[in-house]
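Quick note: the coordinates plus some simple rules give every number you see, no bench work behind them. Predicted model, so just to flag it, every value in this text is computed and none were measured. Virtual Cβ from ideal backbone geometry, glycine too; neighbours counted across all protein chains shown.
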Amino acid sequence: MVPNHQLHPLEINPTTAEPFLRLRNHPNIILTPPRYEDVPHEPALMNHEKVHVWLEHPPYPYTLEHAKQWLDTIKPSSDALFAELEAARDQEALILTHQCPVRCIREVKEDGTDVFIGDIGFTRFPNGEFIGTDGVDWENKERNVKENEQRQLGDPEIIWSIGDLLAPSHHGQGIMTDAVGTLMHEWAIPRMGVRHIMVSACIGNEGSVKVFLKNGFKLIRTSEDHHEVKGKRVGLHVLEWRAGDA
Ligand SMILES: CC(C)(COP(=O)(O)OP(=O)(O)OC[C@H]1O[C@@H](n2cnc3c(N)ncnc32)[C@H](O)[C@@H]1OP(=O)(O)O)[C@@H](O)C(=O)NCCC(=O)NCCS
């Protein structure tokens with residue numbers, strides 16, 4: 001079958017036919033669609049002390065059941081997106097998509113097998129309390145989130161966000177800096193129309209802040225003692241990226 005140009009710039013694994021995106025500066029690291037076979041590996045990663053302490057949303061302890069539920073969310077979404085891209089095969093212009101169909105970070109070994117080492121994905125910015133204010137606007141949080149979610153794909157005013165995590169065995173090798181840059185420039189900007197991104201990172205998560213700074217984000221706010229996460233008060237840094245900023 002003729003390759004589907006709508007998958008651009010994803011490559012296709014010649015053995016498994018699975019599409020993937022190769023990181024720009026780490027050729028042995030790829031992003032692939034979710035696979036159910038990742039489920040048994042997720043709890044060890046999500047419960048690791050160097051990972052769970054920085055994650056605001058996933059439950060802790062993270063169980064196999066949580067991993068199954070997560071896969072049941074992200075796998076159908078990725079499958080539906082591939083179906084959309086397939087349905088658009090005859091359209092010359094590349095279509096805009098509401099997500100990237102690849103998100104699981106994998107290290108490719110010399111024998112061609114790969115190992116699941118992390119996850120990265122775009123969402124609409126969930127912290128509505130930081131939208132439309134120089135401070136923190138708790139009163140309009142829900143309204144701001146809803147307005148942002150209702151914006152139509154392609155609207156440059158959409159505020160996107162990025163969630164990411166990596167296995168501690170692979171920390172400090174520049175992998176997430178590369179993953180964020182690759183995903184932004186190879187897919188999110190050209191294929192999702194992303195023009196504005198805001199992310200939050202817990203105060204103290206220096207690695208996460210640096211990953212974004214190294215990708216052109218600016219630290220725009222720090223909210224000490226911001227909210228409660230899993231029973232603890234947590235402060236947040238907010239970083240922003242806008243298309244066209246130096
Ligand atoms: C945050 C995280 C994604 C960083 O990924 P990574 O691949 O290790 O980051 P990189 O190797 O690209 O590092 C980027 C910069 O941060 C620095 N850095 C990485 N981890 C660090 C840490 N724990 N403390 C201080 N600096 C750190 C690196 O040295 C590098 O800086 P340099 O270029 O000046 O040397 C990873 O540590 C992680 O998954 N943490 C747990 C989950 C998490 O925090 N997710 C983000 C939630 S907002």
- Which one of 164, 245 is more than 10 Å from the ligand (Cβ to nearest atom), in contact (Cβ under 8 Å) with a residue 24 or more places away in the chain and charged (D, E, K, R)? 245
- Task: Could you tell me which of the residues 160, 138 is under 17 Å from the mean Cα position of the chain (by Cα) and of a type in the set (Phe, Trp, Tyr)?
- Result: 160
- May I ask you to say which residue of 66, 26 is out of contact with any strand residue (DSSP E or B) (no Cβ under 8 Å at 6 or more places or on another chain) and either without any contact (Cβ under 8 Å) to a residue 12 or more places away in the chain or more than 21 Å from residue 111 (Cβ to Cβ) (or both)? 66
- Message: Would you confirm whether or not region 222-230 contains a residue that is more than 9 Å from the ligand (Cβ to nearest atom) and not in a strand (DSSP E or B)?
- Response: yes
- Can you find a residue in region 215-230 that is within 21 Å of residue 102 (Cβ to Cβ) and either touching a strand residue (DSSP E or B) at 6+ places or on another chain (Cβ under 9 Å) or not hydrophobic (A, V, I, L, M, F, W, C) (or both)? yes
- Task: Go through the residues of region 187-195 one by one and say whether even a single one is more than 7 Å from the ligand (Cβ to nearest atom), in a loop (DSSP other than H, G, I, E, B) and farther than 20 Å from residue 24 by Cβ.
- Result: yes
